[in-house]
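Q: Below is one structure. I have some questions about it.
The values are calculated or read from the model by the stated rules, or taken from the named source; none is laboratory data. Note that the structure is predicted; figures quoted are calculated from it, not measured. Ideal geometry is used to build each Cβ from the backbone, glycine not excepted, and the neighbour counts take in all protein chains shown.
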Amino acid sequence: MRHATRQPGALRSPTARASAGWINTNHCVHPRHRHQLANISSHPLQMSDSSSPVTNVYALGASRNIGYYASLRLLKKGATVTFLLRNLSVFDEDAEIQSYIKAGKARLVKGDALNREDVAAGWTSAGQVGPIDLLLFTVGGTPNFSLRHGLVLATPDLCTRSILNALSTLPRTQPTPRIVVVTSTGLSDTASADLPYAIRALYTLLHAMHADKLGAERVLLRVQGSPLPADKKDAGLELLPAGWESIEGLPAEGALPELVIVRPALLTDGACCAESGNKKDEYRIRAEGDKAVPKGYTISRRDVAHFIVERLLGSEWDTYKGKGVSLAY
C-alpha cells in the first residue's frame, strides 16, 4: 500500500497519542460502522477450518510488492480479494488486475490502514462475499533520508498502528480467518546472530523501520501467545499507546494461536526463484523462534509471495501455524 508523505516530527508520547484520538472507540466511529464494532466486542473469537481452501481474502498493504504478488496468486487460484487502498486508481493501468476487477473477484475499498474506521469498513465489504478466511497483512513504509536523522519513516508507527486496527476490528460474527503478517528478520539479537556481518551492519541503518516492525511484533506475539525475545522485553513500547492491551476489540493474549508471522531477509525485486526449476536457487526456511536463516542475505518479494500462497496456505499450514517463519536464499 502506498502511503502519502506525512509531516515528520518528534513522536508524541503514548499518553498524548491516546488523548489525541489514536485509540479509536465507538464514540469516534461513523454511525454506519458502529454496529460492526459493537459486534466485535460482544462475540468471542472462533477459529476457522484451516483445512478448507482460501476463497475470500482481506488484504492490507497489497497495492504493490509482497501483498500484490500474493494477492495475484490467490486471484489466479479463484479466490476473491478485497483490497483496502488509499488510492483506488492504483490498478488503473494493471491489465491483469483489471480483468479480476471486471469479473468481481478483485474488490477495491477506499481506505487507510491507519484509520480504524476504514479498516472496519474493509472487513464489512469483504464479508459481503461470504466468510473471510484470510487476513493478508503486508503493510510497510518506504523510508526517507534525513540529514539529521538518517533513514526515517514519515509515519513512524505505520505497521504498529495498522496491525492494531486490523486485529481490533476482526469480525466476531464468523470464524476467525487465518492471519498472515509480514514483518522482517533480524529484529532481535537472537534473530540477527546468524545473519551475515554485512547485513547486520546494514540493518543498523534501518532502525526506524525495525522499530515499527518491533512494535507490530509486540502486538502479534501477545495475541499469538508467544514470548518476547529476551533482549527485546521493552521493544516497540515507544510506538504503542498507553493501555494498548485494552484497546476495544483487540484479541486477548493467546487468542490467535495459529497466527503466522513471516520474516523475510533483505527484500529484492528479483524473479521467483522457487519456480525456476533450479533447486540451488530456491529459498530456505527456518521456523525456530525469531531466528534468521543462517547466512541468508536476501530474498525476492515474489518468492515471499510464493511461500505464503503455494506453501503456507497450500499444504503446509499445519507445519507453520502459530510460528514465526524466516525466509532467505
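Q: Testing Ala126 on (1) surrounded by fewer than 24 Cβ atoms within 10 Å (Cβ to Cβ); (2) under 23 Å from Cys159 (Cα atoms); (3) of a type in the set (Gly, Ala, Ser), one condition comes back false. Which one is that?
A: (1)
Q: Looking only at segment 51-93, which residues are in a strand (DSSP E or B) and not hydrophobic (A, V, I, L, M, F, W, C)? Before you say what the answer is, go through the steps one by one.
A: Restricting attention to segment 51-93, the residues satisfying the condition of being in a strand (DSSP E or B) are 56-60, 80-85.
Hits for segment 51-93 are Asn56, Tyr58, Thr80, Thr82.
Q: Here are some conditions: (1) at pLDDT below 95; (2) surrounded by 15 or more Cβ atoms within 10 Å (Cβ to Cβ). Leu313 meets all but one. Which one does it not meet?
A: (1)
Rundown of residues vs (1) more than 27 Å from Thr55 (Cα to Cα); (2) among the acidic types (Asp, Glu), yes/no style:
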{"residue": "Ala242", "(1), (2)": "yes, no"}
{"residue": "Gly254", "(1), (2)": "no, no"}
{"residue": "Glu258", "(1), (2)": "no, yes"}
{"residue": "Val293", "(1), (2)": "yes, no"}
{"residue": "Glu310", "(1), (2)": "no, yes"}
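Q: For Lys213, are the conditions met, namely being charged (D, E, K, R) and buried (at least 23 other Cβ atoms within 10 Å of the Cβ)?
A: Numbers: charged (D, E, K, R): yes; buried (at least 23 other Cβ atoms within 10 Å of the Cβ): yes.
Spelling it out, Lys213 is indeed charged (D, E, K, R) and buried (at least 23 other Cβ atoms within 10 Å of the Cβ).
Q: Given Leu114, Leu135, Leu170, which one is closer than 27 Å to Lys323 by Cα, assigned to a loop (DSSP other than H, G, I, E, B), at pLDDT 95 or above and in contact with a Pro (Cβ under 8 Å, 6 or more places away or on another chain)? Before you say what the answer is, go through the steps one by one.
A: Values: Leu114 fails: in contact with a Pro (Cβ under 8 Å, 6 or more places away or on another chain); Leu135 fails: assigned to a loop (DSSP other than H, G, I, E, B).
Answer to the selection: Leu170.
Q: Just to be sure, is Pro175 surrounded by fewer than 18 Cβ atoms within 10 Å (Cβ to Cβ), under 26 Å from Gly324 (Cα atoms) and not hydrophobic (A, V, I, L, M, F, W, C)? Step through it out loud before you land on a result.
A: Numbers: surrounded by fewer than 18 Cβ atoms within 10 Å (Cβ to Cβ): yes; under 26 Å from Gly324 (Cα atoms): yes; not hydrophobic (A, V, I, L, M, F, W, C): yes.
So Pro175 passes the test.
Q: Related question: Name the residue that is nearest to the chain's Cα centre (by Cα), counting only residues in segment 218-228 that are among the aliphatic types (A, V, I, L, M) and part of a helix (DSSP H, G or I). Working first, answer last.
A: Initial filter on segment 218-228 (among the aliphatic types (A, V, I, L, M)): 219-221, 223, 228.
Subset that is part of a helix (DSSP H, G or I): 219-221, 223.
Values: Val219: 12, Leu220: 10, Leu221: 13, Val223: 14 Å.
So the residue we want is Leu220.
Q: Which of the numbered conditions does Ala271 fail, given that it passes all the others? Conditions: (1) under 20 Å from the mean Cα position of the chain (by Cα); (2) modelled with pLDDT of 95 or more; (3) among the hydrophobic types (A, V, I, L, M, F, W, C); (4) surrounded by fewer than 19 Cβ atoms within 10 Å (Cβ to Cβ).
A: For Ala271, the failing item is (1).
Q: Specify which of the listed residues (Ser48, Ser52) is at pLDDT 50 or above, within 30 Å of Glu316 (Cα to Cα) and loosely packed, with under 15 Cβ neighbours inside 10 Å.
A: Numbers: Ser48 fails: loosely packed, with under 15 Cβ neighbours inside 10 Å.
Criteria check complete, one pass: Ser52.
Q: Hey, does segment 207-217 have a residue that's over 18 Å from Phe137 (Cα atoms), modelled with pLDDT under 95 and assigned to a helix (DSSP H, G or I)? Full working, then the answer.
A: Start the filter on segment 207-217 by keeping residues that are over 18 Å from Phe137 (Cα atoms), which leaves 207-208.
Those left that are additionally modelled with pLDDT under 95: 207-208.
With assigned to a helix (DSSP H, G or I) added as a condition, the list becomes 207-208.
Yes, segment 207-217 contains a residue that is over 18 Å from Phe137 (Cα atoms), modelled with pLDDT under 95 and assigned to a helix (DSSP H, G or I).
Q: Within the bounds of segment 235-245, is there any residue that is aromatic (Phe, Trp, Tyr) and surrounded by fewer than 19 Cβ atoms within 10 Å (Cβ to Cβ)?
A: At the first step, the residues of segment 235-245 found to be aromatic (Phe, Trp, Tyr) are 244.
Those still in the list that are surrounded by fewer than 19 Cβ atoms within 10 Å (Cβ to Cβ) too: none.
Taking every residue of segment 235-245 in turn, none turns out to be aromatic (Phe, Trp, Tyr) and surrounded by fewer than 19 Cβ atoms within 10 Å (Cβ to Cβ).
Q: Please note which strands (runs of 3 or more DSSP E) are completely contained in segment 229-329 and include at least 3 residues that are small (Gly, Ala, Ser).
A: Details: elements: 260-264, 266-268, 284-286, 298-300, 324-328.
The strands (runs of 3 or more DSSP E) meeting that bar are 324-328.
Q: Somewhere in segment 152-164, is a residue surrounded by fewer than 20 Cβ atoms within 10 Å (Cβ to Cβ), more than 28 Å from Trp244 (Cα to Cα) and either without any contact (Cβ under 8 Å) to a residue 60 or more places away in the chain or in contact with a Lys or Arg (Cβ under 6 Å, 6 or more places away or on another chain) (or both)?
A: no
Q: Looking at segment 301-310, is at least one residue at pLDDT 95 or above and surrounded by fewer than 19 Cβ atoms within 10 Å (Cβ to Cβ)?
A: So far as segment 301-310 goes, yes, one or more of its residues are at pLDDT 95 or above and surrounded by fewer than 19 Cβ atoms within 10 Å (Cβ to Cβ).
Q: Here is a further query. Considering only segment 80-95, state which residues are surrounded by 19 or more Cβ atoms within 10 Å (Cβ to Cβ) and over 19 Å from the mean Cα position of the chain (by Cα). Write out each step before concluding.
A: Filtering segment 80-95 for residues surrounded by 19 or more Cβ atoms within 10 Å (Cβ to Cβ) gives 80-85, 91.
Passing the criteria: only Phe91.
Q: Another question about this same structure. Within segment 188-195, does at least one residue satisfy the condition of being of a type in the set (Gly, Ala, Ser), buried (at least 17 other Cβ atoms within 10 Å of the Cβ) and not in a helix (DSSP H, G or I)?
A: Yes, some residue in segment 188-195 is of a type in the set (Gly, Ala, Ser), buried (at least 17 other Cβ atoms within 10 Å of the Cβ) and not in a helix (DSSP H, G or I).
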